[in-house]
Amino acid sequence: VQLQASGGGLVQAGGSLRLSCAASGRTFSSYAMGWFRQAPGKEREFVAGISWRGSSTHYADSVKGRFTISRDNARNTMYLQMNSLKPEDTAVYSCAAGNSYYSGSLPRDYDYWGQGTLVTVSS
């Protein structure tokens, strides 16, 4: 599966953005999906994950209550709605797919990665 993230940009603190991850291939619905981010000079970190049917989601504590992950299997697309953005959310956001039904929170839980999209939150 090939993944392409989009929707990043510059936003003021307190604002919102919605990221999309478009997947190629007919088996998108069989993959667990996740979002990760990497800020300059920092390790890549887990943001959110969603199971193959979208019935199970989980989030990093730092984004819980502000971000919402979702997927539309008919459109082969995953989303990340980001609200109440903070300057510390600034990072390159990447989407990933894993050969499992339920998503993990570690990079090694995922098998395919897309190129990221930059999110910059100004104070």
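Go through VAL47, VAL92 for me and flag whichever is touching a residue at least 12 places away in the same chain (Cβ under 8 Å) and open to solvent by less than 10 Å² (accessible area, probe 1.4 Å). Working first, answer last.
On the way: VAL92 fails: open to solvent by less than 10 Å² (accessible area, probe 1.4 Å).
So the residue among VAL47, VAL92 that is touching a residue at least 12 places away in the same chain (Cβ under 8 Å) and open to solvent by less than 10 Å² (accessible area, probe 1.4 Å) is VAL47.
Out of the residues in the range 1-44 that are of a type in the set (S, T, N, Q) and part of a strand (DSSP E or B), state the one that is surrounded by the fewest Cβ atoms within 10 Å (Cβ to Cβ).
We begin by selecting, within the range 1-44, every residue of a type in the set (S, T, N, Q); these are 2, 4, 6, 12, 16, 20, 24, 27, 29-30, 38.
Now restrict to residues that are part of a strand (DSSP E or B): 4, 6, 12, 20, 38.
Values: GLN4: 14, SER6: 17, GLN12: 10, SER20: 17, GLN38: 14.
Step by step, filter the range 1-44, then rank; the result is GLN12.
Across the range 60-77, what is the number of residues that are of a type in the set (Ser, Thr, Tyr) and either open to solvent by less than 50 Å² (accessible area, probe 1.4 Å) or modelled with pLDDT under 95 (or both)?
2
Which of (1) farther than 18 Å from LEU3 by Cα; (2) part of a strand (DSSP E or B) is the odd one out, the single condition GLY49 does not satisfy?
The single condition GLY49 does not satisfy is (1).
Just one of LEU106, LEU80, LEU85 is hydrophobic (A, V, I, L, M, F, W, C), more than 10 Å from the chain's Cα centre (by Cα) and within 21 Å of SER55 (Cα to Cα); which is it?
LEU106
If SER55 satisfies every condition in (1) of a type outside the set (A, V, I, L, M); (2) open to solvent by 70 Å² or more (accessible area, probe 1.4 Å); (3) touching a Leu at 6+ places or on another chain (Cβ under 7 Å) but one, which is the exception?
With (1) of a type outside the set (A, V, I, L, M); (2) open to solvent by 70 Å² or more (accessible area, probe 1.4 Å); (3) touching a Leu at 6+ places or on another chain (Cβ under 7 Å) applied to SER55, the lone miss is (3).
The values are calculated or read from the model by the stated rules, or taken from the named source; none is laboratory data. Quantities reported herein were computed from a predicted structural model and do not represent experimental measurements. Methodologically, a virtual Cβ is constructed for each residue, glycine included, from the backbone with ideal geometry; neighbour enumeration extends over all protein chains shown. In case anyone asks, the SASA skips ligands and DNA or RNA and just uses the protein heavy atoms, side chains included. Shrake-Rupley method; radii C 1.70, N 1.55, O 1.52, S 1.80 Å.
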